[in-house]
1. Which one of Glu233, Glu188, Glu245 is without any contact (Cβ under 8 Å) to a residue 12 or more places away in the chain and among the acidic types (Asp, Glu)?
2. Give the residue that is farthest from Val115 (Cα to Cα), with candidates limited to residues of region 17-63 that are at pLDDT below 90 and in contact with a Phe, Trp or Tyr (Cβ under 8 Å, 6 or more places away or on another chain).
3. Please pick out the residue among Val17, Val105, Val90 that is of a type in the set (Val, Ile, Thr), in a helix (DSSP H, G or I) and in contact (Cβ under 8 Å) with a residue 24 or more places away in the chain.
4. Determine which member of the set Ala111, Ala87, Ala118, Ala79 is in contact with a helix residue (DSSP H, G or I) (Cβ under 6 Å, 6 or more places away or on another chain) and either of a type in the set (Phe, Trp, Tyr) or modelled with pLDDT of 95 or more (or both).
5. Select from region 191-229 the residues that are outside any strand (DSSP E or B), among the hydroxyl-bearing types (Ser, Thr, Tyr) and at pLDDT 95 or above and write down the one among them that is farthest from Gln165 (Cα to Cα).
6. Ile153 passes all but one of (1) over 29 Å from His96 (Cβ atoms); (2) of a type in the set (A, V, I, L, M); (3) in contact (Cβ under 8 Å) with a residue 40 or more places away in the chain; which number fails?
7. Considering only residues that are not in a helix (DSSP H, G or I) and not aliphatic (A, V, I, L, M), look in region 108-124 and name the one that is nearest to the chain's Cα centre (by Cα).
8. Would you check which residues across region 202-237 are surrounded by fewer than 15 Cβ atoms within 10 Å (Cβ to Cβ) and under 30 Å from Pro148 (Cα atoms) and list them?
Amino acid sequence: MGNREIYPSPPLVLTIVELRHTATPALTDSDQASLKAVLAERFPLFRPIDRMVNFSMTPAGIAPQQTTDPRYMTRDNTASITYRPDAIVVETTRYHRRSSLRELVHLAVAARQKVAPADGITRLGVRYINEIRVGIERPTDWAAWIAPALTSISALQAGTDVQAQSWQGLAVFGDQDCGVALRHGNLEGYAVDPSGDLRRSATPPPGPFYLLDLDSYWSPAAETPPVDWSDIERRYDAVALSAYELFEQLVTKDCREVLRRDQ
């Protein structure tokens with residue numbers, strides 16, 4: 001795969017791997033207990049999570065309907081595995097290397113297939129949410145840190161000295177079967193809530209940041225392949241590296257120098 005730079009001060013605040021599979025029956029209490037036993041060494045905390053599925057009409061109006069998915073978390077609350085009827089989701093706020101996350105995904109898939117197997121894969125997505133923080137004074141300063149393709153709008157004016165204060169964008173690279181969806185923009189506060197269930201490894205003071213949210217994905221074009229780890233591993237590496245290659249084009253040389261500084 002070649003050597004790829006690992007930054008001492010990465011802007012990555014949340015990584016999500018979602019392996020969608022063919023629909024399965026809801027996991028029983030026995031299934032959930034079995035999953036906990038398999039995952040207990042790495043993910044000992046059982047913390048179910050509510051998820052909105054749709055809306056229903058009632059005499060009082062429209063009411064949201066929720067379901068609860070089994071979720072297992074690490075003791076430091078920086079990583080979790082969630083099992084939905086149609087997906088396995090691995091999340092972490094403490095990403096180190098692609099190989100380390102791959103191990104967690106392998107564990108999550110192996111546990112599911114041991115307890116209540118899914119029949120086939122329908123999509124694999126790896127999402128990287130980055131908060132670039134460099135202490136800018138005005139929105140136009142982002143041009144020094146983020147690629148011109150994303151920040152060129154800051155040079156436009158809606159009148160004398162009326163410059164863009166904020167902007168957001170979406171770009172999709174590839175097609176419906178394989179590619180990367182990029183969401184970006186200059187924002188304030190946090191992209192990932194510090195008070196959420198997953199604890200951030202470090203929480204800076206709120207302030208301006210540039211969002212680089214990369215959702216790299218693959219979907220089978222024809223047949224639905226089985227849930228086979230050797231195939232998943234190969235697809236995972238390809239999807240993850242696509243996001244890496246794009247990220248490197250989104251930040252400037254000066255930004256990379258900041259990311260190379262020790263925390």
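1. On the way: Glu233 fails: without any contact (Cβ under 8 Å) to a residue 12 or more places away in the chain; Glu188 fails: without any contact (Cβ under 8 Å) to a residue 12 or more places away in the chain.
Being without any contact (Cβ under 8 Å) to a residue 12 or more places away in the chain and among the acidic types (Asp, Glu) holds for just one of Glu233, Glu188, Glu245, which is Glu245.
2. Taking region 17-63 first, the residues at pLDDT below 90 are 50-63.
Checking which are in contact with a Phe, Trp or Tyr (Cβ under 8 Å, 6 or more places away or on another chain) leaves us with 62-63.
Details: Ile62: 37, Ala63: 34 Å.
Of everything passing the filter in region 17-63, Ile62 is farthest from Val115 (Cα to Cα).
3. Working: Val17 fails: in a helix (DSSP H, G or I); Val90 fails: in a helix (DSSP H, G or I).
Answer to the check: Val105.
4. Working: Ala87 fails: in contact with a helix residue (DSSP H, G or I) (Cβ under 6 Å, 6 or more places away or on another chain); Ala118 fails: in contact with a helix residue (DSSP H, G or I) (Cβ under 6 Å, 6 or more places away or on another chain); Ala79 fails: in contact with a helix residue (DSSP H, G or I) (Cβ under 6 Å, 6 or more places away or on another chain).
Going through Ala111, Ala87, Ala118, Ala79 in turn, just one is in contact with a helix residue (DSSP H, G or I) (Cβ under 6 Å, 6 or more places away or on another chain) and either of a type in the set (Phe, Trp, Tyr) or modelled with pLDDT of 95 or more (or both): Ala111.
5. Here is the first cut: in region 191-229, the residues outside any strand (DSSP E or B) are 191-206, 219-229.
This time we only want the ones that are among the hydroxyl-bearing types (Ser, Thr, Tyr), so: 195, 201, 203, 219, 224.
Those still in the list that are at pLDDT 95 or above too: 219, 224.
Details: Ser219: 37, Thr224: 46 Å.
Selected residue: Thr224.
6. (3)
7. In the first step, residues of region 108-124 are kept if they are not in a helix (DSSP H, G or I); the result is 116-124.
Pick out the ones that are also not aliphatic (A, V, I, L, M) and you get 117, 119-120, 122-123.
Working: Pro117: 24, Asp119: 24, Gly120: 22, Thr122: 18, Arg123: 14 Å.
Top of the filtered list is Arg123.
8. Ala202, Thr203, Pro204, Pro205, Pro206, Gly207, listed by residue number.
The values are calculated or read from the model by the stated rules, or taken from the named source; none is laboratory data. What you see is a predicted model, and the numbers here were worked out from it, not measured in a lab. Note that we place each Cβ from the backbone using ideal geometry, even for glycine, and neighbour counts take in every protein chain shown.
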